[in-house]
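Readers should treat all values here as calculations from the given coordinates under stated rules, not as data from a laboratory. Please read these numbers as outputs of a predicted model, since none were measured by experiment. Note that each Cβ is placed from the backbone with ideal geometry, even for glycine, and that neighbours are counted across all protein chains shown.
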Amino acid sequence: MSDPYRILGVSPNASDDEVKTAYHSLAKKYHPDKYAGSPLADLAGEKMKEINEAYDQIMKERKGHANSSGQAGYGGYNGYGGYGSSEYQDVRSLIMSGRIADAEQILDGVPLERRDAEWFFLKGTALYRRGWLDEAYNDYVRACQMNPQNPEYQAALNQVAAQRSGMYGGYNSNVPQANSCSGCDICTSLCIADTCCSCFGPGGGRGGCW
């Protein structure tokens, strides 16, 4: 592939944080959900794939270099949304490609005690892609409660909460709202359009994370 640093627009001497910032910015810019139904959808999808591959290549090379130096490898936030762990990278890729059943099979095989915030986010995203908004909403709430500082999870919750609000005819006092998150106050300032994925981030738009 082309120079991964050129694709991300950073110098080979850029720090890991600078690489991550550049990746996340581009992932948001070319998120397939933003181009749903647009003639540019295919182009955006190809660009997103190129960005993901460039980031993965840089992180793989840096991890290999660190290991060869006897240092701990860099885990990074692999995956579409930019905040995922390497453990769930395959799940994110499957959801991106529309293989929801395969993604759920992997997720369902994770023991209950190992189901962390990212697990609930990805499970919610899979359910969202199936059109099960209530179930997706519950898993997004759980992800936000477990990791309230993650903007990918918060944005996904915002989007589903907004859609649920429309479905049920507006505000429902029995349904936690995105700007309160059951009193957590964790989802107040994010734009719905920036969901996921940012994975899949997402996290979970139709036809894209996403």
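Using a simple spin-label model with pseudo-atoms 7 Å out from Cα toward Cβ, residue 145 and residue 116 lie 1.9 nm apart.
Going highest first, how would you order 29-38, 2-11, 149-158 by mean Cβ packing within 10 Å?
Numbers: 29-38: 17.9, 2-11: 15.3, 149-158: 26.8.
Highest to lowest by the protection proxy: 149-158, 29-38, 2-11.
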